[in-house]
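Enquirer: Take a look at this one; I'll ask things after.
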Amino acid sequence: MALPFTYLASAALSDVGRRRKNNEDSLVRLPDQGVFCVADGMGGAQGGEIASKAVVDALQVIFAESQDAPFAVTAAAAGRLTARALNRASQWIKVYADERGLTGCGSTAVVLVFDRVTPSRACVLHAGDSRAYLYRAGKLVQLSTDHSVAAAAGLSDEATLPAMFRGVITRAVGLDNTVLLEETPCEVRANDLFFLCSDGLSKMVSDKHLQKVLHKHRAAPLETLAQTLVDEALKAGGEDNVSVVLVRVADTLPQAPTMEIPPQTLALEAPDAPVAVAAPSSDGDSEAPTRETGQTADTAGAASERGGEPTGEKITPPTPFSGDGVTPATSSQAAGGRPPKRGRRFLLLGLIVLALVALLVGVLLFTCPSLIPSF
């Protein structure tokens, strides 16, 4: 049988950067399943590295070993399986952190899944501020929305925030037993270039400059382009780990539908599939619900298939630092010491966002008293 995603080429690269001792990023490419991911850990060497590795291991394991994996042939079905994997990772990370007394241990995740049946479809699922972009016809578009205090306050540049709020993200894998992912369907066209990255790139290099780089090197091999993007972040200071996954679409897409959709795929896609729906995260996130989907908990122990009651069955965790197909984040750059990421660790979400908004409103009313309505 012909491989389903021969029209996709991909490359990945990760670098520790110029300021850090450890690389807390992890990458995974599963080209035969059309699944790609960047995870950016937080919590230092004993937390962040392990958390991001747990994310990519969970994806690797579920798409290789789950009984549902052969039927994840649509973007929707692959998204359900992705959510199940990230919930499994989230539960494992939380237990790992709690047992060791680690504070703020978790990982962002941005996952791109392609549709085997209809090649013009794909989907991005993410939590945190690792990003997904699309470069098409000379234009760069950010597909994901940062889950951060800066984004919640409507600020494009977090430099205007008080220092304690900078770098604080409002969602992550590992904070609870389940994670609320944002799901963004996207169209796939011939010659598209998708790329995923950690904030070590997006915070060091502006979108405008990224677009120029992609335009200049649009015909370069993907491995060369990945290195060029990483080098741009390093030239800008390399203050964080830098990770990139690139996926280029061929100049011709297969004609759809490429196959009949199996009934098992439809069952996997269905809202009432035998996978429990997670409650919203306790982080108090209050973004518009139109972009959010309640995510699926792993069937092994998170909840019963029907009633939502605990099954009592022991969770089978992902296997950190194992699994073929996983590309560990490796360093090609010597680094000096720097404290671990600060603000991202505490995620005091709802209260911080509300306090920040109240502060901004108070400043606005103080400086512009004419805005206060009269009665």
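Enquirer: Right, Gly48: in contact with a helix residue (DSSP H, G or I) (Cβ under 7 Å, 6 or more places away or on another chain), at pLDDT below 95 and within 21 Å of Gly167 (Cβ to Cβ) or not? Steps first, answer last, please.
Expert: Values: in contact with a helix residue (DSSP H, G or I) (Cβ under 7 Å, 6 or more places away or on another chain): no; at pLDDT below 95: yes; within 21 Å of Gly167 (Cβ to Cβ): yes.
No, not satisfied.
Enquirer: Please verify whether Ile62 is in contact (Cβ under 8 Å) with a residue 40 or more places away in the chain, farther than 22 Å from Leu246 by Cβ and either aliphatic (A, V, I, L, M) or surrounded by 23 or more Cβ atoms within 10 Å (Cβ to Cβ) (or both), treating the condition exactly as stated.
Expert: No; evaluated as a whole, the condition is false for this residue.
Enquirer: Let me ask something else about it. Looking at segment 126-191, what strands (runs of 3 or more DSSP E) fall wholly within it and have at least 1 residues that are among the small types (Gly, Ala, Ser) and closer than 20 Å to Asp207 by Cα? Talk me through it step by step, then tell me what you get.
Expert: On the way: elements: 131-136, 139-142, 181-187.
Passing ranges, in order: 131-136.
Enquirer: Turning to a different aspect of this structure: If you go through segment 66-79 one residue at a time, how many are in a helix (DSSP H, G or I) and either surrounded by 24 or more Cβ atoms within 10 Å (Cβ to Cβ) or modelled with pLDDT under 95 (or both)?
Expert: 4
Enquirer: Consider Gln33 against the criteria (1) in a strand (DSSP E or B); (2) touching a Phe, Trp or Tyr at 6+ places or on another chain (Cβ under 6 Å): it satisfies all of them except one. Which criterion is unmet?
Expert: Among (1) in a strand (DSSP E or B); (2) touching a Phe, Trp or Tyr at 6+ places or on another chain (Cβ under 6 Å), Gln33 violates only (1).
Enquirer: Look at Ala279 and say whether it is hydrophobic (A, V, I, L, M, F, W, C), modelled with pLDDT of 50 or more and either out of contact with any helix residue (DSSP H, G or I) (no Cβ under 8 Å at 6 or more places or on another chain) or part of a strand (DSSP E or B) (or both).
Expert: In short, no.
Enquirer: Might you check whether a residue that is of a type in the set (Gly, Ala, Ser), closer than 22 Å to Lys94 by Cβ and not in a helix (DSSP H, G or I) occurs anywhere in segment 4-25?
Expert: no
Enquirer: Restricting the search to segment 94-105, which residues are in contact with a helix residue (DSSP H, G or I) (Cβ under 6 Å, 6 or more places away or on another chain) and either on the phi > 0 side of the Ramachandran plot or surrounded by fewer than 24 Cβ atoms within 10 Å (Cβ to Cβ) (or both)? Steps first, please.
Expert: Taking segment 94-105 and keeping what is in contact with a helix residue (DSSP H, G or I) (Cβ under 6 Å, 6 or more places away or on another chain), we get 104-105.
Selection gives Gly104 alone.
Enquirer: When residues of segment 1-17 are filtered for being modelled with pLDDT of 95 or more, out of contact with any strand residue (DSSP E or B) (no Cβ under 7 Å at 6 or more places or on another chain) and surrounded by fewer than 20 Cβ atoms within 10 Å (Cβ to Cβ), how many remain? Give the derivation first.
Expert: Residues of segment 1-17 that are modelled with pLDDT of 95 or more, as a first pass: 5-17.
Now drop any that are not out of contact with any strand residue (DSSP E or B) (no Cβ under 7 Å at 6 or more places or on another chain), which leaves 6, 16.
Filter once more, keeping what is surrounded by fewer than 20 Cβ atoms within 10 Å (Cβ to Cβ): 6.
Adding up the residues that qualify gives 1.
Enquirer: Looking at Val110, Val28, can you tell me which residue is farther than 19 Å from Phe5 by Cα, aliphatic (A, V, I, L, M) and outside any helix (DSSP H, G or I)?
Expert: Val110
Enquirer: While we're here: Restricting to segment 129-157, what's the tally of residues that are surrounded by fewer than 22 Cβ atoms within 10 Å (Cβ to Cβ) and of a type in the set (Val, Ile, Thr)?
Expert: So the count comes out to 2.
Enquirer: Which residues, counting only those in segment 39-58, are over 16 Å from Ala97 (Cα atoms) and over 12 Å from the mean Cα position of the chain (by Cα)?
Expert: Asp57, Ala58
Enquirer: Let me ask something additional. Please tell me if Thr184 is of a type in the set (S, T, N, Q), surrounded by fewer than 23 Cβ atoms within 10 Å (Cβ to Cβ) and under 24 Å from Leu222 (Cβ atoms).
Expert: Values: of a type in the set (S, T, N, Q): yes; surrounded by fewer than 23 Cβ atoms within 10 Å (Cβ to Cβ): yes; under 24 Å from Leu222 (Cβ atoms): yes.
So Thr184 passes the test.
Enquirer: Turning to a different aspect of this structure: Restricting attention to segment 192-202, which residues are surrounded by 24 or more Cβ atoms within 10 Å (Cβ to Cβ) and assigned to a loop (DSSP other than H, G, I, E, B)?
Expert: If the condition is that a residue be surrounded by 24 or more Cβ atoms within 10 Å (Cβ to Cβ) and assigned to a loop (DSSP other than H, G, I, E, B), then Ser198 is the only one that fits.
The values are calculated or read from the model by the stated rules, or taken from the named source; none is laboratory data. A quick note: this is a predicted structure, and the numbers were derived from the prediction, not measured. Virtual Cβ from ideal backbone geometry, glycine too; neighbours counted across all protein chains shown.
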